[in-house]
1. For the chain, what is the calculated [θ] at 222 nm in deg cm²/dmol (nearest 500), taking -39500 (n - 2.57) for each run of four or more DSSP H residues and dividing by its residue count?
2. If you take the beta carbon distance between Ala272 and Glu101 as r and set R0 to 30 Å, what does 1/(1 + (r/R0)^6) give as a FRET efficiency, to the nearest 0.05?
3. Given a Förster distance of 25 angstrom, what is the FRET efficiency for Asp190 paired with Ser18, based on the Cβ-Cβ distance and rounded to 0.05?
4. Would you mind getting me the FRET efficiency between Glu225 and Asp5? Use the beta-carbon distance for r and R0 = 45 Å, nearest 0.05.
5. For segment 174-251 and segment 1-69, compute the distance between their C-alpha centroids and round to whole Å.
6. Residue separation times 0.36 nm, minus the C-alpha to C-alpha distance between Arg259 and Ala247: what's the value?
7. What are the semi-axes of the equivalent ellipsoid for the chain, taken as the square roots of 5 times the Cα gyration tensor eigenvalues, largest first, in whole Å?
8. Between segment 90-104 and segment 119-145, what is the C-alpha centre distance in whole Å?
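Laboratory data are not the source of any read-out in this text; all were calculated from the coordinates shown. What you see is a predicted model; the values in this text were computed from it and never measured. Glycine gets a Cβ as well: all are built from the backbone with ideal geometry, and neighbour counts include every protein chain shown.
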Amino acid sequence: MRLEDFDTGTTYQARVLSSERITAEQAEEVREIVLEVEREQFDYQPGQSVGVIVSGEHDQGHKHHFRLYSVADTPATGDNGKPRITLCVKRCNYIDEYSGERYQGISSNYLCDLRAGDSVTINGPFGIPFEVPEDKDADLLLIGMGTGIAPFRALIKHIYQDVKDWRGRVRLFYGAQTGLELLYMNEEKDDFSQYYDQQTFEAFQALSPRPNWADPIAMDFALEERSEEILSMLDRPHTRVYVAGRADILETLDRVFARIIGCADQWARRKAELKAGQRWVELVY
Ligand SMILES: Cc1cc2nc3c(=O)[nH]c(=O)nc-3n(C[C@H](O)[C@H](O)[C@H](O)COP(=O)(O)OP(=O)(O)OC[C@H]3O[C@@H](n4cnc5c(N)ncnc54)[C@H](O)[C@@H]3O)c2cc1C
């Protein structure tokens with residue numbers, strides 16, 4: 001769905017409770033921002049996104065700049081009964097190909113500059129949630145790139161802390177350019193380590209082989225190394241595959257899954273079946 005097709009008519013105010021940088025100084029800036037919504041109801045689930053609206057006279061002439069951010073934690077409520085939302089936002093800067101000028105992304109810079117007590121306009125939630133299957137024996141294959149880890153942080157927490165006694169395999173594949181950019185899995189903040197003693201959970205990292213070059217992140221190698229297990233997961237009837245983060249991963253995944261499963265046609269059919277049953281869900285951007 002195109003951004004201009006979202007309903008931005010109904011908005012809410014939220015207050016920033018905290019904003020914390022979760023990457024080292026040498027890495028790209030990514031902040032975890034906790035908001036408190038100024039109303040009693042704001043229901044959302046892992047895999048959904050919240051809209052952020054930045055008003056003002058923007059360079060490109062538009063008055064309301066609207067962007068989406070995935071929820072990075074399970075739903076929570078403060079002592080005052082107001083809903084809380086955690087976002088994980090990367091500060092984006094772009095170089096114009098023609099002029100060579102550097103532009104700051106409007107919404108990401110606005111969010112990363114907010115401090116505790118500031119107010120922000122939001123709406124939503126939007127998107128298809130990453131549902132937890134009813135069958136606790138179901139396998140989950142989670143593939144995230146960059147800030148695409150945010151919804152999986154929420155989903156995995158929900159599985160092990162709220163649903164509990166999960167018996168299916170949960171396999172998280174996480175790609176980033178460098179180790180410093182592995183969010184929630186770095187020296188600043190390592191949230192996933194609390195699940196490593198869960199027998200059903202395993203996490204795999206995929207980094208770029210030469211981080212200072214434009215070489216792609218080696219997600220294909222990470223997946224292919226575990227092709228036997230992935231194939232057995234895909235063969236089970238309740239397995240879900242959830243993909244989040246940079247959209248360019250989709251092409252790589254099609255290539256890798258085609259190799260794992262046998263050929264491109266076979267993979268195209270299997271993927272269509274998975275999608276039709278909501279067993280393959282993408283949250284990509
Ligand atoms: C479903 C969904 C979930 C998402 N979840 C997350 C998330 O969890 N975390 C996260 O960090 N991001 C997430 N994103 C991405 C996020 O929505 C934004 O796209 C991102 O933060 C960049 O937005 P921006 O407003 O900062 O940049 P923009 O201002 O929108 O800039 C983007 C483009 O505009 C160009 N541009 C910018 N300024 C100028 C200018 N002055 N003149 C000419 N060209 C210019 C840039 O070159 C660039 O191509 C998600 C996106 C989607 C669709």
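1. Values: 6 runs with 57 residues, N = 285.
Using -39500 (n - 2.57) per qualifying helix, the result is -6000 deg cm²/dmol.
2. Plugging the Cβ-Cβ distance into 1/(1 + (r/R0)^6) gives 0.10.
3. On the way: r = 19 Å, r/R0 = 0.74.
E(calc), rounded to 0.05, equals 0.85.
4. 0.70
5. Going from one Cα centre to the other spans 25 Å.
6. 2.3 nm
7. For the chain, the ellipsoid semi-axes come out as 31, 23, 19 Å.
8. Comparing the Cα centres of segment 90-104 and segment 119-145, I get a distance of 31 Å.
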